[in-house]
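Inspection log for the structure reproduced underneath, given as structure tokens.
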Amino acid sequence: MECLCLVWALEKFYYYLDGSVFEVITDCNAVKSLLNMKTPNRHMLRWKIAIQEYRRNMTIVHKAGKIHDGLSRWELANTPDNPAYVPLEAEPQIPIEGINITDIGT
């Protein structure tokens, strides 16, 4: 997932990154090892090809992290026992009244 996020960010910020030297700091080893894989699967191969354009100006640095970020966690259901629970508001009921066309002209 982090590899896909890197590809998305590179494509999104292409105009800012093109021609400039930059560093990608990540806590995910998969991003750093993506470029060194000998036999990547088809998804990773596409990501690897997308990243190749930036290889001359980009360095990927692994920085070990203690806490997993949002991309590394499974999605939790939106239930009351979830600490991040957000109650869904009911759709507002809009009363619809009938209009008699003959009343408009008078």
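None of the figures in this text is laboratory data; all of them are computed from the coordinates on show. On a predicted model such as this, the values are computed, not experimentally measured, just so you know. With ideal geometry, Cβ positions are generated from the backbone for all residues, glycine too; neighbour counts draw on all protein chains shown.
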Q) If the label point is 7 Å along Cα→Cβ of ASN57, which residues in the stretch 1-17 have backbone nitrogen under 20 Å from it? A) 5-17
Q: Give a residue-ordered list of calculated ³J(HN,Hα) values for the stretch 48-58 (Karplus: 6.51 cos²θ - 1.76 cosθ + 1.60, θ = phi - 60°; whole Hz; x for Gly, Pro).
A: 4, 5, 5, 7, 4, 4, 9, 4, 6, 10, 10
Q: Determine ³J(HN,Hα), in whole Hz, for all residues of the stretch 17-23 in sequence, where each value follows from phi through the Karplus function 6.51 cos²θ - 1.76 cosθ + 1.60 and θ = phi - 60°; x replaces Gly and Pro.
A: 8, 4, x, 9, 8, 9, 10
Q: With a 10 Å radius around each residue's Cβ, average the other Cβ atoms per peptide and rank 37-50, 76-89, highest first.
A: 37-50, 76-89
Q: At 7 Å along the Cα-to-beta-carbon direction for both GLU2 and LEU88, put a label point, then send me their distance in nm to one decimal.
A: 3.3 nm
Q) Across the stretch 2-67, how large is the tail of the calculated P(r) beyond 17 Å, expressed as a percent of all Cα pairs? A) 38 percent
**Q.** Under 17 Å between alpha carbons - lysine pairs in the stretch 2-67 that sit 8 or more apart or on different chains
**A.** 4
